[in-house]
Amino acid sequence: MTPSRNLLLGLLCGVIAGAFWGGVFLAPRLLADFTPLQATAGRYLAYGLAAGVLLVPSWKGVMARMDGRDWRDLLLLSLLGNLVYYVGLAVAVQTAGVALASLVIGLLPVTITLVGARPGEGTPLRRLIWPLALIVAGGVCINLDAFAAAGRAGAGRTLVGLLGALLALAVWTAYAVWNARRLAATPKFTSHEWSLLTGVATGLLSLVLVVPAFAVAGKAHAAGAWGLFWGVSFAVAIGASVIGNGLWNAASRLLPLSLSGQLIVFETVFALLYGFLHEARWPRPLESAAMVLMLAGVSWSARLHRA
């Protein structure tokens, strides 16, 4: 496959993955009556079940290629990139709103590029300074907007939400860089197989959350609420985790980290669009400026990589 075709296909995979991932930010809002721990346990139990079912036809062949190092890395990657990340995200969304959560975590293109870029891979960092600066400026805009509007929820809740979003930002940066390096060093699995194996590992880890999430939590829910809970959990598991993660793994193999990391901007943009639709409102001026700056930054970076 030619480099230009790799670039185009990688960009397409990243954009579609962002469209699926954007729904993750809306899920905690739809499940506002449930705790962040319950939302996390439900999503990843569903992810594990869905991944296990999809692996059944090729289970023997895939397991024959697995070794102890694969299981160890899959469990650690799942802990960082799924369980810890989603708890931080759910806390951020439920306490500070979709906009703040999505645009703080929208700084992932900057953090992944800075942490993961290596000399000789992709475009040198010195050429990406200005595109990355635009993405950072977008993050500044949304933080200014969030704290200007903090009177509605209270500055304390906004701060808790910001801390949750920063936790999610840190752990997913580590996950994205490590996962991309691991994929490059593991040609024995396809991107789809690695995504499903991650799902199985995540499902196993989520069993640890079941008792504290569902048995200890004291609030009772009606049958209809539980129906919504599992419906949203499976929708996010299949859309964001199975399909979105598989597309992201494909993009990670086709593109250097200096570009693939920046495609997470599309997750932010779709998350904002879904959030505005759910809240039935137009974006405020600073929110609009943030989206424009972030998209301009990643578009500029893509042109530099194409050159």
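The values are calculated or read from the model by the stated rules, or taken from the named source; none is laboratory data. The shown structure was predicted, so the numbers you read here are calculated from the model rather than taken from an experiment. Here Cβ is always computed from backbone atoms with ideal geometry, including for glycine, and neighbour counts include all displayed protein chains.
A compact table of results
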item: Filter result (over 11 Å from G18 (Cβ atoms), at pLDDT 80 or above, aliphatic (A, V, I, L, M) and assigned to a helix (DSSP H, G or I)) within region 244-270; result: A250, L254
item: Residue selected from region 1-38 under the condition under 20 Å from V210 (Cα atoms) and either of a type in the set (G, A, S) or touching a Lys or Arg at 6+ places or on another chain (Cβ under 7 Å) (or both), by the criterion surrounded by the most Cβ atoms within 10 Å (Cβ to Cβ); result: A27
item: Check on L196, in contact with a helix residue (DSSP H, G or I) (Cβ under 6 Å, 6 or more places away or on another chain) and surrounded by 20 or more Cβ atoms within 10 Å (Cβ to Cβ); result: yes
item: Residue that is nearest to the chain's Cα centre (by Cα) [pool: residues in region 1-29 that are in a helix (DSSP H, G or I), modelled with pLDDT under 85 and aliphatic (A, V, I, L, M)]; result: V24
item: Qualifying residue in region 195-211 (condition: within 21 Å of the chain's Cα centre (by Cα) and at pLDDT below 85); result: yes
item: Tabulated pairs, region 184-203, first under 14 Å from G61 (Cβ atoms), second small (G, A, S), C-beta under 7 angstrom, 6+ apart or interchain; result: H192/G246; L196/A51
item: Matching entry among V298, V210, V236 (being in contact (Cβ under 8 Å) with a residue 24 or more places away in the chain, within 23 Å of A133 (Cα to Cα) and aliphatic (A, V, I, L, M)); result: V298
item: Flag for S288 being small (G, A, S) and buried (at least 22 other Cβ atoms within 10 Å of the Cβ); result: no
